[in-house]
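Notes to accompany the following structure.
The values are calculated or read from the model by the stated rules, or taken from the named source; none is laboratory data. On a predicted model such as this, the values are computed, not experimentally measured, just so you know. With ideal geometry, Cβ positions are generated from the backbone for all residues, glycine too; neighbour counts draw on all protein chains shown.
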Amino acid sequence: MQSLDKKIRVLVVDDSAFMCKVLRDIINSDPQMEVVGQGRDGRDGVALAESLRPDVITMDINMPHVDGLQATELIMSQHPRPIVIVSSESREGAASTLKALELGAIDFVPKPSSGIDLDMKTVREELTRKLKLAAKVRVVRTATRSKLSVPHAASPAAGAAGGANLAFAGGGKFPLVVVAASTGGPAAVTRVVGGLPKDLPAAVFLVLHMPAEFTKQFAVQLSELGGLPVKEAENNETPKPGIVYLCPGSHHLRVTSSGKIVLDSGARIDGYRPSADAALESIAAYARTLTIGVVLTGMGGDAAKGVKTVKAAGGTVFAQDEATSMIFGMPAEAIKTGVVDEVLPLDGISGAIEKRVAQLARLAPVGAR
């Protein structure tokens, strides 16, 4: 975190000299920040990130030689610094912006659609706010894209449990896993979902604080991991084991007493839509001991109320540890409730989910009643 008398040092990476000037003027006009360097492409950005050690980096995506995605991957896998994507590619749920977030970028600011110089000043407030937030984040080294794309082989534990069609018929229900995340969530969720076996005998619900126009594309990208199928959840559908359901960014997700998914576009709950608390509470009421709540990186306290409901219903709660969280807010608030069963590094969460699902599979006819 920056001290009160020390300015936030910003590196600007953009192939447009004019856009660099606009960004520099905006950033330098804020008394808490200063531009310490400018990169003309991703190659410059990587070199300057290492030599200047800025507090935060603005990164364009479409650039010659080395683009913003390649630069983000290199920086975050070698000498990680907080990165905020500032690009016209950040509009309308562009796949490239989500890729950058998966690779460890903290946030994004879309350039104005017109691309005209002075129009950039319309995003001044959003840009300066997000840069100040990003500068406070203690970044962690992230996996490369190639590692993220490796499918997970079924483990002995999953085989012992019997696969996706395993013995849940006697009890009528199967485990429901709810994964909640916010800032840093795309990268963390990609790691968790990519680490789950194809034959996981549970339905997985993902609740991320993500703009509505991004969730459909994120579901597509998660499906490309090659493991469990991923889809954006639909109203009134019945969840099935072996499928990942991503909550649309425009709605709250709940599961009814009859086991149907209900999407609600109502008001924000404690400032959030979608609300992890709403999903956790309704799913715990339905699945009870077969509920697994997972709280990953993110700012704020969403999910803290929900995990208490999960535990009261006899379910299981996991939280990501501080060392691997981009922002420890959500996991920390969940841990403070005293109901978290295990605090785990990011790469240990998939295995913990798989192990607990396998245990519940053997107990399902009893636990589901």
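Things worth noting here:
- Scanning the range 166-188 for residues that are closer than 22 Å to residue 325 by Cα and at pLDDT 95 or above, we see that the one that is farthest from the chain's Cα centre (by Cα) is 177.
- Residues satisfying the stated conditions in the range 293-316, i.e. among the β-branched types (Val, Ile, Thr), surrounded by 23 or more Cβ atoms within 10 Å (Cβ to Cβ) and part of a helix (DSSP H, G or I): 307, 310
- Matching residues, the range 249-292, being assigned to a helix (DSSP H, G or I), in contact with a His (Cβ under 9 Å, 6 or more places away or on another chain) and in contact (Cβ under 8 Å) with a residue 60 or more places away in the chain: 276, 279
- Where helices (runs of 4 or more DSSP H) sit wholly within the range 12-129, those with at least 3 residues that are buried (at least 16 other Cβ atoms within 10 Å of the Cβ), at pLDDT 90 or above and not assigned by TED's automatic domain parsing to the domain that holds residue 223 occupy 17-28, 42-52, 68-78.
- Candidate set from the range 317-363 (those that are over 15 Å from the mean Cα position of the chain (by Cα) and polar (S, T, N, Q)); member that is surrounded by the fewest Cβ atoms within 10 Å (Cβ to Cβ): 359
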